[in-house]
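What follows is one structure encoded as structure tokens, with my remarks underneath.
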Amino acid sequence: MLAKGCHGVDADALTTARSALMAAAPLVHCLTNTVTQTLMANALLAVGAAPAMVDEPLEAEGFAAVASAVLVNLGTVNERTAVAMRLAARSASAAGTPWVLDPVAVGGLAFRTDLATELLDARPAVVRGNASEIMALAGAGAGGRGVDSAAAAEDALDAATALAARTGGVVAVSGETDLVTDGSRTVRIGGGSALLTRTTGAGCALGALVAAYLGAGGDALTGAVAAHAHVALAAEAAARVAAGPGTFAPLWLDALDRVTDLGPARVTA
Amino acid sequence: MLAKGCHGVDADALTTARSALMAAAPLVHCLTNTVTQTLMANALLAVGAAPAMVDEPLEAEGFAAVASAVLVNLGTVNERTAVAMRLAARSASAAGTPWVLDPVAVGGLAFRTDLATELLDARPAVVRGNASEIMALAGAGAGGRGVDSAAAAEDALDAATALAARTGGVVAVSGETDLVTDGSRTVRIGGGSALLTRTTGAGCALGALVAAYLGAGGDALTGAVAAHAHVALAAEAAARVAAGPGTFAPLWLDALDRVTDLGPARVTA
Amino acid sequence: MLAKGCHGVDADALTTARSALMAAAPLVHCLTNTVTQTLMANALLAVGAAPAMVDEPLEAEGFAAVASAVLVNLGTVNERTAVAMRLAARSASAAGTPWVLDPVAVGGLAFRTDLATELLDARPAVVRGNASEIMALAGAGAGGRGVDSAAAAEDALDAATALAARTGGVVAVSGETDLVTDGSRTVRIGGGSALLTRTTGAGCALGALVAAYLGAGGDALTGAVAAHAHVALAAEAAARVAAGPGTFAPLWLDALDRVTDLGPARVTA
């Protein structure tokens with residue numbers, strides 16, 4: 001539980017961020033992978049945001065400039081979508097629109113590792129990944145074997161801090177306990193459910209929800225923590241009734257819609 | 001409820017169209033977006049059609065010529081798939097195969113707006129969109145901010161009528177009450193559920209079901225109305241048992257399969 | 001039921017393969033279609049494998065070399081992904097990594113038929129398809145109209161045997177009763193549920209599960225049979241509680257996770 005008045009973020013600020021998200025219905029422009037787009041779009045709809053997946057280079061620049069927030073997820077990036085991602089990230093940056101980078105599987109694959117490193121110059125408001133990805137992007141690790149990660153979030157604290165210093169933004173590391181830092185303040189979010197790791201795209205959807213919170217106007221640290229708390233609380237509710245990893249996903253979407261009070265989340269500053 | 005003998009379509013004609021669809025099991029060639037393909041394919045399977053998503057330019061022309069009907073949905077169109085869409089639309093048109101255009105997010109984005117305008121020359125049997133999209137395509141509006149629409153279907157009646165005159169086909173506008181017109185006759189379909197708007201791809205799937213009804217041999221107005229009535233009735237049934245937007249989607253597919261009598265739909269001519 | 005000691009595979013070998021899969025958590029590199037990627041990834045997660053969809057040519061070669069197994073599925077192949085598929089298949093072949101070819105809709109479409117034929121040179125450990133696809137790939141039939149197949153698996157026995165002789169591997173034909181052959185031994189798997197044919201991607205997911213079993217180290221015949229038995233048993237369990245084709249899919253994923261004993265499968269050698 002979060003102690004009121006801690007120097008991170010407090011429970012009231014999280015619940016206020018949730019209300020602001022519902023009121024703003026932010027348009028989230030997602031340049032993302034083809035595997036988890038559907039869950040991502042449905043998660044955004046469930047929390048009250050409006051998703052739009054536009055990754056044609058001829059459209060991405062202009063669309064990013066009018067969106068409330070932008071998400072760039074490298075899951076199935078290719079040469080064409082990489083062009084769109086560069087344009088969208090720079091366009092968002094130039095327009096002062098917050099954008100989130102999800103460096104999926106960065107580390108082991110040179111093409112996407114180079115792209116992610118280049119995208120850091122457009123100063124993502126939040127970078128969200130697992131420990132392997134964050135360590136690889138910070139230059140501190142060899143990367144995982146894909147989207148999963150053997151390392152605990154805490155292992156990536158130094159890398160996350162260094163990365164936050166480089167972008168001037170926030171870095172979030174997913175794990176059994178998540179870790180969100182702006183380089184000086186670090187917040188941890190516990191709870192959730194192991195079924196999240198058995199649902200393709202749950203982490204990707206989390207990245208999109210971070211973008212949704214930022215698009216609703218909150219500061220990056222509060223928004224990132226609120227998204228993680230929201231996901232964790234919904235996962236706990238869904239896990240109580242799910243019969244397995246297949247029925248978990250729709251129940252998690254139901255719960256994302258239903259959760260309005262982020263106070264009960266296990267957030268510690 | 002639909003009055004028998006009205007000059008639009010009657011309830012018996014709709015239920016007959018449903019039976020014809022099950023008997024024909026039409027092959028629906030979909031050139032569509034990557035976000036909602038899965039729901040679209042499952043919706044087609046649920047109603048008794050056979051989906052095939054083929055969007056490689058080297059294959060699209062030939063495949064469109066042998067399909068029962070073709071759907072072109074611009075959701076995540078890119079330069080490569082635009083080539084395939086042009087080929088498929090012209091091929092369908094030349095073969096006398098009915099095809100449906102879903103001009104997703106047309107209006108705000110020049111690339112797809114130009115493409116949709118060009119595709120009208122291949123005379124889609126049905127154009128299906130929300131009010132913003134239909135108004136933008138008819139040259140009567142500035143377009144929405146993406147896939148959602150602030151405008152009611154009725155606001156797009158003049159635009160739909162003008163567009164139908166241009167294509168010689170039918171235009172369908174989705175909204176709280178849907179509107180389907182061939183330029184002279186206009187039919188309205190009520191009912192459904194707000195949960196459809198919280199499920200990514202429900203509108204896209206509707207476009208594909210219109211194509212399925214046309215592929216089973218019905219006239220464009222009856223087929224388009226039948227698809228809207230089918231979707232609405234299934235949504236009502238699913239909404240009665242769904243616990244939220246996540247569980248709604250699979251239950252809606254179950255209901256699409258189960259609905260065989262379209263008579264109870266709230267259709268007015 | 002499988003008679004112990006038959007010259008095909010026995011029930012103990014199948015259950016042992018299931019345990020080995022859970023222990024190995026193989027990384028399965030999928031170059032696959034955009035329609036059914038999500039179900040495929042979730043099916044792999046459900047059985048205990050780790051999916052990674054990487055189809056950028058700049059990444060596919062290197063990634064295939066480090067994966068436990070590779071799946072190539074031609075569902076929505078295009079010129080770009082065809083390049084990645086060639087690189088991945090050759091890379092897997094050179095590294096001694098087992099790979100599976102799913103020749104979706106081969107036969108009616110020249111581009112993918114030529115590609116599938118070329119890929120046979122990289123000697124897939126298993127080719128998995130429906131009867132139309134296997135007959136077309138073996139040069140024995142004209143192909144189906146898409147992903148469905150009017151022919152029974154047994155009709156493709158000669159074609160499957162010829163194809164197995166050509167690749168030196170195993171060929172699996174899906175149908176009401178599935179057929180798996182290495183050219184000399186032929187195993188049949190019954191059971192399952194017709195709801196599998198009404199769920200887009202169930203066949204694609206089966207192909208990926210074959211790859212997962214091979215990636216866990218088993219021989220190709222046992223691994224292919226185990227995957228088919230696993231899918232069938234899970235389908236039977238899901239069909240008992242599903243209310244229709246929509247609710248079947250998540251329940252099938254739940255059951256894929258839960259099935260650990262493949263002994264009850266209707267396997268005959």
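Key figures for this structure:
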item	result
Among the residues listed as B:Ala84, B:Ala116, the single one being open to solvent by less than 40 Å² (accessible area, probe 1.4 Å), modelled with pLDDT of 95 or more, in contact with a helix residue (DSSP H, G or I) (Cβ under 8 Å, 6 or more places away or on another chain) and at the interface with another protein chain (Cβ under 9 Å from one of its Cβ atoms)	B:Ala84
Flag if C:Arg90 is more than 14 Å from chain A (Cβ to nearest Cβ), more than 18 Å from the chain's Cα centre (by Cα) and charged (D, E, K, R)	yes
Test: residue in the stretch C:92-106 that is open to solvent by 50 Å² or more (accessible area, probe 1.4 Å) and modelled with pLDDT under 95	no
Verdict on C:Asp148 being modelled with pLDDT of 95 or more and of a type in the set (Asp, Glu)	no
Flag for A:Leu109 being away from chain B (no Cβ under 14 Å) and within 26 Å of B:Gly201 (Cα to Cα)	no
Which listed residue, of B:Ala265, B:Ala242, B:Ala269, is within 19 Å of B:Leu39 (Cα to Cα) and either away from chain A (no Cβ under 14 Å) or buried (at least 18 other Cβ atoms within 10 Å of the Cβ) (or both)	B:Ala242
Given (1) within 11 Å of chain C (Cβ to nearest Cβ); (2) more than 19 Å from the chain's Cα centre (by Cα), index of the condition B:Ser68 fails	(2)
Count - residues of the stretch B:209-261 that are over 14 Å from C:Thr247 (Cα atoms) and acidic (Asp, Glu)	3
Complete set of residues in the stretch C:10-38 that are under 30 Å from B:Cys30 (Cβ atoms), open to solvent by 20 Å² or more (accessible area, probe 1.4 Å) and more than 8 Å from chain A (Cβ to nearest Cβ)	none
The one condition in (1) open to solvent by less than 30 Å² (accessible area, probe 1.4 Å); (2) out of contact with any Asp or Glu (no Cβ under 8 Å at 6 or more places or on another chain) that B:Arg123 fails to fulfil	(1)
Per-region count, the stretch B:167-221, residues more than 13 Å from B:Pro98 (Cα to Cα), away from chain A (no Cβ under 14 Å) and hydrophobic (A, V, I, L, M, F, W, C)	8
Candidates B:Ala255, B:Ala159, B:Ala234 - the one that is closer than 17 Å to B:Arg123 by Cα, away from chain A (no Cβ under 14 Å) and not in a loop (DSSP other than H, G, I, E, B)	B:Ala159
Residue match in the stretch B:131-142 (condition: out of contact with any strand residue (DSSP E or B) (no Cβ under 9 Å at 6 or more places or on another chain), in a loop (DSSP other than H, G, I, E, B), on the phi > 0 side of the Ramachandran plot and surrounded by fewer than 18 Cβ atoms within 10 Å (Cβ to Cβ))	yes
Considering residues of the stretch C:215-230 that are assigned to a helix (DSSP H, G or I) and open to solvent by 10 Å² or more (accessible area, probe 1.4 Å) only, the residue nearest to C:Ser68 (Cα to Cα)	C:Gly215
Of all residues in the stretch B:40-58 being under 11 Å from B:Ala84 (Cα atoms) and touching a residue at least 24 places away in the same chain (Cβ under 8 Å), the one that is surrounded by the fewest Cβ atoms within 10 Å (Cβ to Cβ)	B:Pro57
Matching residues, the stretch C:180-190, being closer than 17 Å to C:Ala235 by Cβ and open to solvent by less than 30 Å² (accessible area, probe 1.4 Å)	C:Val180, C:Ile189, C:Gly190
Cross-chain or 6+ apart pairs with Cβ under 6 Å, the stretch A:203-228 first and farther than 15 Å from A:Ala24 by Cα, then β-branched (Val, Ile, Thr) and at pLDDT below 95	A:Thr222/A:Val9; A:Val225/A:Val9
Candidates C:Val47, C:Val70, C:Val28, C:Val54 - the one that is over 30 Å from C:Leu109 (Cα atoms), β-branched (Val, Ile, Thr) and modelled with pLDDT of 95 or more	C:Val47
Index of the failed condition, B:Thr76 passing every other in (1) surrounded by fewer than 21 Cβ atoms within 10 Å (Cβ to Cβ); (2) under 17 Å from B:Arg112 (Cβ atoms); (3) within 13 Å of another protein chain (Cβ to nearest Cβ)	(1)
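The values are calculated or read from the model by the stated rules, or taken from the named source; none is laboratory data. Keep in mind that this is a model prediction, so the values were computed, not measured. FYI the Cβ positions are ideal-geometry reconstructions off the backbone, even for glycines, and counts take in every protein chain you see. Calculation scope for accessible area: heavy atoms of the full protein, side chains included, ligands and nucleic acids excluded. Shrake-Rupley method; radii C 1.70, N 1.55, O 1.52, S 1.80 Å.
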